[in-house]
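*Asks:* Below you'll find the structure I mean.
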Amino acid sequence: MTLCKESNTCNIGGHSITYYREGNGEVILLVHGITTYSFIWRNIFPELAKNYDVIAVDLLGCGDSDKPLDVSYAIKDHAERLYEFIKKLGINKFHFIGHDLGGGMGQIFAVQHPELLYDLTLINSVAYDFWPVQPIIALRAPIIRQFLMASVDFGTFKFLIKRGIYHKENVTPELIDLFLKPLRTSDGRKAFLHFARCLDNHNLMDIEQDLRELKMPVLIIRGDADPYLSRSIAEKLNEEIPNSKLVLILTGSHYIQEDEPKRVVNSITTFMKRQKVIVD
């Protein structure tokens with residue numbers, strides 16, 4: 001499955017980053033979290049590409065990007081690689097949309113490089129010290145790591161995927177295959193576990209005060225049936241970020257891009273259009 005006809009690659013720090021790009025207009029960068037890769041935007045990407053220049057990236061260690069184990073996959077380091085990625089593509093300003101850990105990277109990016117962002121959208125995002133959460137913490141346990149490395153039966157992982165989808169009829173064999181694709185190889189499983197080991201919520205605690213001083217518009221979208229990240233995360237972000245808006249979607253879970261893609265796209269485009277009027 002691809003988001004558009006062709007993938008592209010970009011060398012960052014000696015490693016190949018895969019990304020998909022399509023459309024014209026202002027640039028949007030779509031950034032996924034730990035249990036996914038660029039495929040999670042499959043229902044979002046083509047709609048946004050009708051009016052924007054959309055880029056969906058596979059983070060280092062994920063999807064079709066390189067999977068080195070000798071570099072950090074901490075979110076602050078991913079955020080820095082995204083900065084190098086954007087500069088290498090010659091992009092001067094863009095809309096940052098992040099899901100899950102990608103939202104944490106967006107927060108760091110907004111604090112460190114605010115001049116590059118029109119705005120920031122956080123979708124079922126981590127924040128503050130309310131994470132890592134189960135089942136990610138369990139992946140650090142040796143017995144769980146060994147099981148994942150050796151197992152050919154991904155029943156447990158399938159259960160976790162299904163739990164993160166509100167509309168259970170959307171959990172098709174195709175969707176499961178997309179989630180499991182990186183885990184079907186030893187390199188993919190090692191990279192996934194390395195990502196989990198690198199997580200440190202201090203990366204976001206260190207910028208808590210900076211978030212209160214953000215000037216850019218911030219949209220916070222929450223699929224309110226998310227069993228992994230609590231509503232209190234979205235509510236605190238909304239309370240503490242000055243120019244922020246919170247959208248709760250009751251019929252969406254953690255992977256809300258699969259549950260309610262049209263509502264997500266509508267929320268994003270309405271938000272960005274309003275900001276454009278304000279900016280102009």
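The values are calculated or read from the model by the stated rules, or taken from the named source; none is laboratory data. In this text the structure is predicted, and so the values were computed from the model without any measurement. All Cβ positions, even for glycine, are placed from backbone atoms using ideal geometry, and neighbour counts span all protein chains on display.
*Asks:* State all residues of segment 45-80 that are basic (Lys, Arg) and surrounded by fewer than 21 Cβ atoms within 10 Å (Cβ to Cβ); if no residue qualifies, say none.
*Replies:* Initially, segment 45-80 is screened for residues basic (Lys, Arg), giving 50, 67, 76.
Lys50, Lys76, listed by residue number.
*Asks:* Given the structure, is Lys181 more than 26 Å from Ile75 (Cα to Cα) and not in a loop (DSSP other than H, G, I, E, B)?
*Replies:* Details: more than 26 Å from Ile75 (Cα to Cα): no; not in a loop (DSSP other than H, G, I, E, B): yes.
So Lys181 fails the test.
*Asks:* Restricting the search to segment 49-70, which residues are of a type in the set (A, V, I, L, M) and closer than 16 Å to Ala196 by Cβ? Before you say what the answer is, go through the steps one by one.
*Replies:* To start, the set of residues in segment 49-70 that are of a type in the set (A, V, I, L, M) comprises 49, 54-57, 59-60, 69.
Answer for segment 49-70, where residues must be of a type in the set (A, V, I, L, M) and closer than 16 Å to Ala196 by Cβ: Leu59, Leu60, Leu69.
*Asks:* I would also like to ask the following. Only residues in segment 159-175 that are among the basic types (Lys, Arg) count as the first member; pair them with residues that are at pLDDT 95 or above and surrounded by fewer than 18 Cβ atoms within 10 Å (Cβ to Cβ), Cβ under 8 angstrom, at least 6 apart or cross-chain, and list the lot.
*Replies:* Partner pairs satisfying both residue conditions: Lys162/Lys168.
*Asks:* Answer yes if at least one residue in segment 154-165 is in contact with a helix residue (DSSP H, G or I) (Cβ under 9 Å, 6 or more places away or on another chain), modelled with pLDDT under 90 and not in a helix (DSSP H, G or I), and no otherwise.
*Replies:* Yes, segment 154-165 contains at least one residue that is in contact with a helix residue (DSSP H, G or I) (Cβ under 9 Å, 6 or more places away or on another chain), modelled with pLDDT under 90 and not in a helix (DSSP H, G or I).
*Asks:* List every residue pair whose Cβ atoms lie under 8 Å apart, where the two residues are 6 or more positions apart in sequence or sit on different chains, the first residue falls within segment 82-109 and is within 22 Å of Gly223 (Cα to Cα), and the second residue, located anywhere, is aromatic (Phe, Trp, Tyr) and in a strand (DSSP E or B).
*Replies:* Filtered contacts from segment 82-109: His95/Tyr118; Gly106/Phe96.
*Asks:* Here is a follow-up. Looking only at helices (runs of 4 or more DSSP H) that lie completely in segment 186-280, which have at least 2 residues being touching a residue at least 40 places away in the same chain (Cβ under 8 Å) and over 30 Å from Glu169 (Cα atoms)? Before the answer, list the steps.
*Replies:* Details: elements: 186-198, 202-205, 208-211, 231-240, 256-259, 261-279.
Correct list: 186-198, 202-205, 208-211, 231-240, 261-279.
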